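Okay, so here's the structure we're looking at.
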Amino acid sequence: MSTFQIIILSVFLFFLFFAVLVFAGVIPFFGGAPSGVAGTVTMWGTVPESFLDDGLLALNKVNEGSFSITYVEKRKEGFDRDLVEALASGRGPDMILLPENLIVRHSDKVFPLPLESFSIRKFRDTFIEEGELYLTNSGILALPFSVDPMVLFWNRDIFNSASVSVPPNSWDQFLTLAPRLTQKDQALTIHKSAIALGEFGNVTHAKDVLAMLMLQAGDSIVERGDEGLAAILGEQRGLITPPAESALRFFTEFSNPAKTTYSWNRSLPDSKDFFIANDLAAYIGFASEIGEIRARSPHLNFDITSMPQPREVLRAGTLGRMMGIAVLKTSQNIGTAFYASSILTGPEFLQAFAIESGLPSVRRDILSIKNPGPFGDVLNASALMAHGWLDPSPEASVSIFRTMVDAVVSGKEKMSQAVARANGELGNLLKAQ
């Protein structure tokens, strides 16, 4: 190693050391930046700018004259393309809010935080379990920043009318409640539905819902091993029936007209719209949708609860959409970028972000504090049991999951055949990365 390289490495490690101290709380957020941290670093993400404005304004004011952080909000539809084009032309940001479903695609662009600087033990003690998707043998790809957990929205009027006092806490209960909550005529035309499951095209977040059921059943869909990433759909995981098959069977149960659970078909509107129209008893959605549903239907009498679980669940779980702050290899100010990422994922900034966004925190110390508001306890509990999976291609996997569901519903494939084919296609996507 040359003298120049040694100097550069020493400077980087110096900044990294300070970043870790800030993150650990040794150096406070509002205590000013350490000597050597300078310049402006830019972060791109799809989180609404309004959720970060006040916190960044305060942070930059305290550190005025030393360093500052600029946030650029990007559209979800164009984020991936904009990032690739910017990096290719040398105009990329220093940091990005890396979604969990783009970890596989963009991990080669990220400068990992060394485990020697921030231990796995400290990471697990600080962040919720889903954050471990960012852990690799080479280091931490991103520090968890936000989580949007999947929850169950339930229509209190429909439940009350059916003399059901509380929402189900297990999926098995839906099998018996579906006939009571669903209203259909002799021609089997559905007027009100218990739950939107069984079809793909008109079930909002269909891929996420099915993935959540698989994760709950014990199938992590994709696993990171010593030889890299591997698709594991269809593996038995020590059970008689492979978890993925059990999840797919339950998902498709509600679209079969021959069964008492029949409560959904492809002629119905999008499930979120049906819920907002006061015609769907239970809607599976994300915490971030609470405000939208309230705004679109101010008089809708709804509540939320934690996601129901399988009957013999080993650990409670739901699916969470996560963002983590990743420092890019192309940054011209890596030391300051790491320092900035440590502040942005520290307790003070993330407490402010939780208040602005209405989302639960990714930090365990913040989740240990009672979350005010009618939904606070549910959101905190859902964050703690949130999980995700390493999606090789969010666009392509939608097609894979759709084909899997359609093949079973139409009778073209048996459950095991549909799962095996989907697993092979996911494996091919992983090999192409």
Item to check | Computed FRET value (nearest 0.05) for Leu57 with Glu85, which takes r as the C-beta separation and R₀ as 25 Å | outcome: 0.30
Next on the checklist: Sort Ser288, Ser306 by Cβ crowding within 10 Å, fewest neighbours at the top.
Outcome noted: Ser288, Ser306
Checklist outcome for this item: Karplus-derived 3J(HN,Hα) from phi for segment 324-337 (6.51 cos²θ - 1.76 cosθ + 1.60, θ = phi - 60°), whole Hz, x at Gly and Pro, runs x, 7, 10, 8, 8, 4, 7, 4, 8, 9, 4, x, 5, 5
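Of the beta bridges DSSP finds with both residues in the chain, what % are antiparallel, to the nearest 5? List each step's numbers first, then the result.
Working: 31 of 45 bridges.
Bridges in the chain that DSSP calls antiparallel: roughly 70 percent.
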Item to check | Simple spin-label estimate for Ser267 and Asp157 in nanometres, 7 Å along Cα-Cβ | outcome: 2.5 nm
Checklist entry - With a sphere of radius 14 Å drawn around the Cβ of Pro243, what net charge do the other residues whose Cβ falls strictly inside it have (Lys, Arg +1; Asp, Glu -1)? => result -1
Next on the checklist: Output wanted: per-residue J couplings in Hz (rounded whole) for segment 104-112, from phi through Karplus 6.51 cos²θ - 1.76 cosθ + 1.60, θ = phi - 60°, x for Gly and Pro.
Outcome noted: 4, 5, 10, 4, 6, 9, 9, 8, x
Checklist entry - Tell me, in nm to one decimal, what length is gained between Ser410 and Glu116 on full extension, where the rule is 0.36 nm per residue of separation less the Cα-Cα distance? => result 100.6 nm
Item to check | For Leu328, distant residues with modelled amide H under 5 Å away | outcome: Met95, Ile96, Phe111
Checklist entry - What range in the chain is the longest one free of GluC sites (Glu not before Pro) that are in a loop by DSSP and have at most 15 other Cβ atoms within 10 angstrom? => result 313-433
Item to check | Long-range HN-HN contacts of Gly285 with modeled amide H, under 5 Å | outcome: Val151, Phe153
Item to check | Order of Ser170, Ser163, Ser271, Ser255 under a 10 Å beta carbon neighbour criterion, fewest first | outcome: Ser163, Ser170, Ser255, Ser271
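Just so you know, all these numbers are worked out from the coordinates, no wet-lab data involved. Just so we're clear, the structure is a prediction, and the values are computed from it rather than from any experiment. Reconstructed Cβ throughout: ideal geometry from the backbone, glycine too, with neighbour counts over all protein chains shown.
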